[in-house]
Amino acid sequence: MISTKNFLAAILLALFSLSTLAVGNPSAVKGGTFKYNLGQGPTTLNPLSSTDAYASSVQAYIIEGLADRDADTYEWQPVLASSWEISKDGTTYTFTIRDGVKWHDGKPLTVDDVKFSFDAIVDPDNKYKTAHQKPYYENIKSAEIIGKNKIQFVAKKKYFKNFDVVAGLAVLPKHIYENPSKKQKKKLNKTLIGTGPYILGKYKRGKNLTLKRNKDWWGTKDPKRAGENNFGKILMRFVKDGTVAIQRLQKGDLDFNSFSVEEYKKKTNGPKWGKTVFKVKTQNKAATGYGFIGWNLKNELFKEKEVRLALYHLLDRDKMIKKFRFGMSLPATGPIYRQSIYANSDVKPIMYNPKKALELLRKLGWKDSDRDGILDKTVNGKKMNMSFTILEPNKEFVKYLTIYKEDARKVGVDINIKFVEWNTFIKKLDERSFQAVRLAWSGGSIDWDPKQIWHSASAGAAGSNFISYKNPAVDKLIDEARITLDQKKRVKILQKVYKMIADDVPYVFFFNEKYRFYGHTKRMSREKDTYKFQVGLNYWWIKK
């Protein structure tokens, strides 16, 4: 019989062994060109001012932080910092910067680069157009160099994500980004210098970009990183149309492509599937995003909550899930995915109910006074029609909005759908020049901090709260949650926030996904379909 003492020792040894194991296959073949569909070209590659997921996907291969997350344990592990210390009160974080790291232009990484990267984000004059990042770093008081390779971050107060914020800081070369000329600023939109495993090669706007393996990457000498970043090159194509992307995957012009539920079920069949190209349906614990229609709350039409609720009741998500998603999605209920511990299970989906929608609108004085089939109302002495335009940046999603438009028209609500190219779309968001927008948020962190999107402080200067949602009670609870280090207590606070936001109906929330879908060619190798917290493309390799 094993003693309790020996049993605990064995458990601790096992945990230690697991934590030091490298993720990925150390024997993976190096080399070859991996052809990946980014979907669309980034608006800008400048890591200080960029806001879209396309740019983030490119930057992830080139720009590094002080630490990153293990794909299986979600624990922080060293990157540009070789080690760190956290003060007992949890407000001071001291990082030792790794020796021998070089920027892609050959210059050495220094602790000054780390300090600059922080200072640029929090610059009070928004010199580097970093307004969208500021909410994350507002609780960090300073970043001070305390030695040749040491930097210390000091927090203003306790915040449950203080360490996450500084550990994940994207470190940029000070000599390139600090004081660029006007000509250099334009160049920074399409160039990128980092310390990461890949170097930006050719960038053909509107078509593709190439990443080349960085032979001098520090990680090649780190046993923990032995199974990572195996490709010799990565060719990122910009194939917007899902059907075209699948065709190119079948031809071998792409090696990997993510699928929607509909694409997985309806467009990945034929003689090549299961032989030269394969499809995968999998699940992991990573945070998932959601699509939404966001109302410009400064627009007179959407100021009343009951109007927004009525418009929500005109969205037939059951029909959409059955028709386009084969029952494999859930109707979203609020501002984070339903499977999250922060989601409030008391909040139920607002379902399609045109009768209820019409009742709500009529109580507010909306009626078809001129019998043109569109509801109207006199506001401030002027006739206002229940008519508005939804901006849509993704042609694939127009069919969902078309169902919405047709159902809404039956009760006298006139919806126009306007497809807008991504760059123009982002500009309109920043300028707040829209009535309604259809967009999606990616999953983000497993530990939810709603401030970036839902706090009133994020509503100005191109912040992510572009619909101008403001609720003082929500602000107060978000602020309280941020300084609550106990996760169980924080969950209770944020579940209240979830319900309050859902009750305010600032968005029409679409779906939460149960699964992840992707396809790959026969020449790709991987350990498994997914790791616990990510699919793990950076651990894949190409067969000889």
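The values are calculated or read from the model by the stated rules, or taken from the named source; none is laboratory data. Here the structure is a predicted model, which means the values were calculated and not measured. Virtual Cβ from ideal backbone geometry, glycine too; neighbours counted across all protein chains shown. Accessible surface areas use protein heavy atoms only, side chains included; no ligands, DNA or RNA. Shrake-Rupley method; radii C 1.70, N 1.55, O 1.52, S 1.80 Å.
Any residue at all in segment 251-261 that's over 23 Å from Tyr531 (Cβ atoms), outside any helix (DSSP H, G or I) and either open to solvent by less than 70 Å² (accessible area, probe 1.4 Å) or touching a Phe, Trp or Tyr at 6+ places or on another chain (Cβ under 8 Å) (or both)? Spell out how you get there, then give the answer.
Of segment 251-261, the ones over 23 Å from Tyr531 (Cβ atoms) are 251-253.
If we keep only those that are outside any helix (DSSP H, G or I) as well, we get 252-253.
From the residues that got through so far, the ones that are either open to solvent by less than 70 Å² (accessible area, probe 1.4 Å) or touching a Phe, Trp or Tyr at 6+ places or on another chain (Cβ under 8 Å) (or both) too are 252-253.
Yes; the residues of segment 251-261 include at least one that is over 23 Å from Tyr531 (Cβ atoms), outside any helix (DSSP H, G or I) and either open to solvent by less than 70 Å² (accessible area, probe 1.4 Å) or touching a Phe, Trp or Tyr at 6+ places or on another chain (Cβ under 8 Å) (or both).
Looking at this structure, is Gln77 in a helix (DSSP H, G or I), at pLDDT 90 or above and under 26 Å from the mean Cα position of the chain (by Cα)? Walk me through how you get there before you give the answer.
Values: in a helix (DSSP H, G or I): no; at pLDDT 90 or above: yes; under 26 Å from the mean Cα position of the chain (by Cα): yes.
It is false that Gln77 is in a helix (DSSP H, G or I), at pLDDT 90 or above and under 26 Å from the mean Cα position of the chain (by Cα).
Filter segment 444-469 down to the residues that are hydrophobic (A, V, I, L, M, F, W, C) and more than 17 Å from Phe292 (Cβ to Cβ) and list them by number.
First, pick out the residues of segment 444-469 that are hydrophobic (A, V, I, L, M, F, W, C): 446, 448, 453-454, 457, 459, 461-462, 466-467.
Listed by number, the residues that qualify are Ile446, Ala457, Ala461, Ala462.
Residue under question is Lys303, and the condition is that it be free of Cβ contacts under 8 Å to residues at least 40 places away in the same chain and under 30 Å from Asn465 (Cα atoms); does it hold?
Details: free of Cβ contacts under 8 Å to residues at least 40 places away in the same chain: yes; under 30 Å from Asn465 (Cα atoms): yes.
Judged against the criteria, Lys303 is a match.
Where residues in segment 161-212 are polar (S, T, N, Q) and in a loop (DSSP other than H, G, I, E, B), which of them is surrounded by the most Cβ atoms within 10 Å (Cβ to Cβ)? First the steps, then the outcome.
From segment 161-212, those polar (S, T, N, Q) are 162, 179, 181, 184, 189, 191, 195, 208, 210; that's our starting set.
If we keep only those that are in a loop (DSSP other than H, G, I, E, B) too, we end up with 179, 181, 189, 191, 195.
Details: Asn179: 9, Ser181: 8, Asn189: 17, Thr191: 13, Thr195: 25.
Only one residue fits best here, namely Thr195.
Within the bounds of segment 229-242, is there any residue that is open to solvent by 50 Å² or more (accessible area, probe 1.4 Å), of a type in the set (Gly, Ala, Ser) and either touching a Ser or Thr at 6+ places or on another chain (Cβ under 7 Å) or under 30 Å from Arg325 (Cα atoms) (or both)? Let's see the steps before the verdict.
So the first thing to find is which residues in segment 229-242 are open to solvent by 50 Å² or more (accessible area, probe 1.4 Å), and the list is 233, 240-241.
When the remaining residues are screened for being of a type in the set (Gly, Ala, Ser), the result is none.
No, because not a single residue in segment 229-242 is open to solvent by 50 Å² or more (accessible area, probe 1.4 Å), of a type in the set (Gly, Ala, Ser) and either touching a Ser or Thr at 6+ places or on another chain (Cβ under 7 Å) or under 30 Å from Arg325 (Cα atoms) (or both).
Check segment 304-322 and report whether any residue there is surrounded by fewer than 19 Cβ atoms within 10 Å (Cβ to Cβ), under 30 Å from Arg248 (Cα atoms) and either of a type outside the set (A, V, I, L, M, F, W, C) or in contact with a helix residue (DSSP H, G or I) (Cβ under 7 Å, 6 or more places away or on another chain) (or both).
From segment 304-322, those surrounded by fewer than 19 Cβ atoms within 10 Å (Cβ to Cβ) are 304-306, 309, 318-319, 321-322; that's our starting set.
Checking the rest, the ones that are also under 30 Å from Arg248 (Cα atoms) come to 321-322.
With the extra rule that they be either of a type outside the set (A, V, I, L, M, F, W, C) or in contact with a helix residue (DSSP H, G or I) (Cβ under 7 Å, 6 or more places away or on another chain) (or both), the set shrinks to 322.
Checking segment 304-322: at least one residue is surrounded by fewer than 19 Cβ atoms within 10 Å (Cβ to Cβ), under 30 Å from Arg248 (Cα atoms) and either of a type outside the set (A, V, I, L, M, F, W, C) or in contact with a helix residue (DSSP H, G or I) (Cβ under 7 Å, 6 or more places away or on another chain) (or both).
Out of the residues in segment 433-454 meeting the condition of being within 20 Å of Gly168 (Cα to Cα) and among the charged types (D, E, K, R), tell me which one is surrounded by the fewest Cβ atoms within 10 Å (Cβ to Cβ).
Start the filter on segment 433-454 by keeping residues that are within 20 Å of Gly168 (Cα to Cα), which leaves 441-453.
Now restrict to residues that are among the charged types (D, E, K, R): 447, 449, 451.
Details: Asp447: 17, Asp449: 23, Lys451: 22.
Among them, the one singled out is Asp447.
What are the residues in segment 296-352 that are farther than 24 Å from Gln452 by Cα and of a type in the set (Gly, Ala, Ser), if any?
Within segment 296-352, Ala310, Gly327, Ser329 meet the criteria.
Could we say that Ala457 is in contact with a helix residue (DSSP H, G or I) (Cβ under 9 Å, 6 or more places away or on another chain), at pLDDT 95 or above and either open to solvent by less than 30 Å² (accessible area, probe 1.4 Å) or closer than 21 Å to Tyr342 by Cβ (or both) here?
Working: in contact with a helix residue (DSSP H, G or I) (Cβ under 9 Å, 6 or more places away or on another chain): yes; at pLDDT 95 or above: no; either open to solvent by less than 30 Å² (accessible area, probe 1.4 Å) or closer than 21 Å to Tyr342 by Cβ (or both): yes.
No, not satisfied.
Which residue is least open to solvent (accessible area, probe 1.4 Å), if the candidates are limited to segment 497-536 and must be acidic (Asp, Glu) and out of contact with any strand residue (DSSP E or B) (no Cβ under 7 Å at 6 or more places or on another chain)? First the steps, then the outcome.
Restricting attention to segment 497-536, the residues satisfying the condition of being acidic (Asp, Glu) are 503-504, 513, 527, 529.
Those left that are additionally out of contact with any strand residue (DSSP E or B) (no Cβ under 7 Å at 6 or more places or on another chain): 503-504, 527.
Values: Asp503: 69, Asp504: 31, Glu527: 93 Å².
This residue is Asp504.
May I ask you to list pairs of residues, at least six apart or on different chains, whose Cβ atoms are under 6 Å apart, with the first in segment 279-298 being within 14 Å of Met328 (Cβ to Cβ) and the second being part of a strand (DSSP E or B) and basic (Lys, Arg)?
The qualifying pairs are Thr282/Arg516.
Looking at Thr91, Thr73, Thr96, which one is farther than 27 Å from Pro393 by Cα, touching a Ser or Thr at 6+ places or on another chain (Cβ under 6 Å) and among the β-branched types (Val, Ile, Thr)? First the steps, then the outcome.
Working: Thr91 fails: touching a Ser or Thr at 6+ places or on another chain (Cβ under 6 Å); Thr73 fails: touching a Ser or Thr at 6+ places or on another chain (Cβ under 6 Å).
Thr96 is the lone residue from the list that is farther than 27 Å from Pro393 by Cα, touching a Ser or Thr at 6+ places or on another chain (Cβ under 6 Å) and among the β-branched types (Val, Ile, Thr).
Can you work out which of the residues in segment 336-359 that are among the basic types (Lys, Arg) and assigned to a loop (DSSP other than H, G, I, E, B) is surrounded by the fewest Cβ atoms within 10 Å (Cβ to Cβ)?
Pass one, segment 336-359, residues among the basic types (Lys, Arg): 338, 348, 355-356.
Subset that is assigned to a loop (DSSP other than H, G, I, E, B): 338, 348.
On the way: Arg338: 21, Lys348: 10.
Ranking the candidates gives Lys348 first.
For segment 213-250, enumerate the residues that are part of a loop (DSSP other than H, G, I, E, B), closer than 30 Å to Lys107 by Cβ and of a type in the set (Lys, Arg). Give the steps one after another, and end with the answer.
First, the residues of segment 213-250 that are part of a loop (DSSP other than H, G, I, E, B): 214-217, 222, 226-232, 238-241.
Keeping just the survivors that are closer than 30 Å to Lys107 by Cβ gives 214-217, 222, 226-232.
Passing the criteria: only Lys215.
What tally of residues in segment 360-399 results from selecting those that are over 16 Å from Val307 (Cβ atoms), touching a Gly at 6+ places or on another chain (Cβ under 8 Å) and surrounded by 16 or more Cβ atoms within 10 Å (Cβ to Cβ)?
Of the residues in segment 360-399, 1 are over 16 Å from Val307 (Cβ atoms), touching a Gly at 6+ places or on another chain (Cβ under 8 Å) and surrounded by 16 or more Cβ atoms within 10 Å (Cβ to Cβ).
Under 9 Å between Cβ atoms, which residue pairs at least 6 apart in sequence (or on different chains) link something in segment 153-169 that is small (Gly, Ala, Ser) with a partner that is modelled with pLDDT of 95 or more and assigned to a loop (DSSP other than H, G, I, E, B)?
Note: pairs meeting the criteria are Ala167/Gly65; Ala167/Leu66; Ala167/Val79; Gly168/Gly65; Gly168/Leu66.
What are the residues in segment 79-138 that are buried (at least 16 other Cβ atoms within 10 Å of the Cβ), within 23 Å of Lys158 (Cβ to Cβ) and small (Gly, Ala, Ser), if any?
Once the filter is applied, which keeps residues that are buried (at least 16 other Cβ atoms within 10 Å of the Cβ), within 23 Å of Lys158 (Cβ to Cβ) and small (Gly, Ala, Ser), segment 79-138 yields only Ala81.
All but one of (1) surrounded by 17 or more Cβ atoms within 10 Å (Cβ to Cβ); (2) more than 25 Å from Glu228 (Cβ to Cβ); (3) aliphatic (A, V, I, L, M) hold for Val154, so report the exception by its number.
(1)
Select from segment 304-335 the residues that are charged (D, E, K, R), at pLDDT 95 or above and in a loop (DSSP other than H, G, I, E, B) and write down the one among them that is farthest from the chain's Cα centre (by Cα). Don't jump to the end; show me each part of the working.
Kept after step one, since they are charged (D, E, K, R), are these residues of segment 304-335: 304-306, 308, 316-319, 322-323, 325.
Right, trim to at pLDDT 95 or above and you get 304-306, 308, 316-319.
Restricting the remaining residues to those that are in a loop (DSSP other than H, G, I, E, B) gives 304, 316.
Details: Glu304: 30, Asp316: 26 Å.
Residue satisfying both the conditions and the ranking: Glu304.
Out of all the residues in segment 262-277, which are in a helix (DSSP H, G or I) and open to solvent by 60 Å² or more (accessible area, probe 1.4 Å)? Reasoning before the result, please.
We begin by selecting, within segment 262-277, every residue in a helix (DSSP H, G or I); these are 262-266.
If the condition is that a residue be in a helix (DSSP H, G or I) and open to solvent by 60 Å² or more (accessible area, probe 1.4 Å), then Lys265, Lys266 are the ones that fit.
Among the residues of segment 12-19, is any under 29 Å from the mean Cα position of the chain (by Cα), part of a helix (DSSP H, G or I) and modelled with pLDDT under 85? Explain how you work it out, then say what you get.
Residues of segment 12-19 that are under 29 Å from the mean Cα position of the chain (by Cα), as a first pass: 18-19.
Pick out the ones that are also part of a helix (DSSP H, G or I) and you get 18-19.
From the residues that got through so far, the ones that are modelled with pLDDT under 85 too are 18-19.
The answer is yes; a qualifying residue exists.
Taking the options Lys489, Lys410, name whichever one is loosely packed, with under 14 Cβ neighbours inside 10 Å, within 30 Å of Ser369 (Cβ to Cβ) and either among the charged types (D, E, K, R) or within 23 Å of the chain's Cα centre (by Cα) (or both).
Lys410 is the lone residue from the list that is loosely packed, with under 14 Cβ neighbours inside 10 Å, within 30 Å of Ser369 (Cβ to Cβ) and either among the charged types (D, E, K, R) or within 23 Å of the chain's Cα centre (by Cα) (or both).
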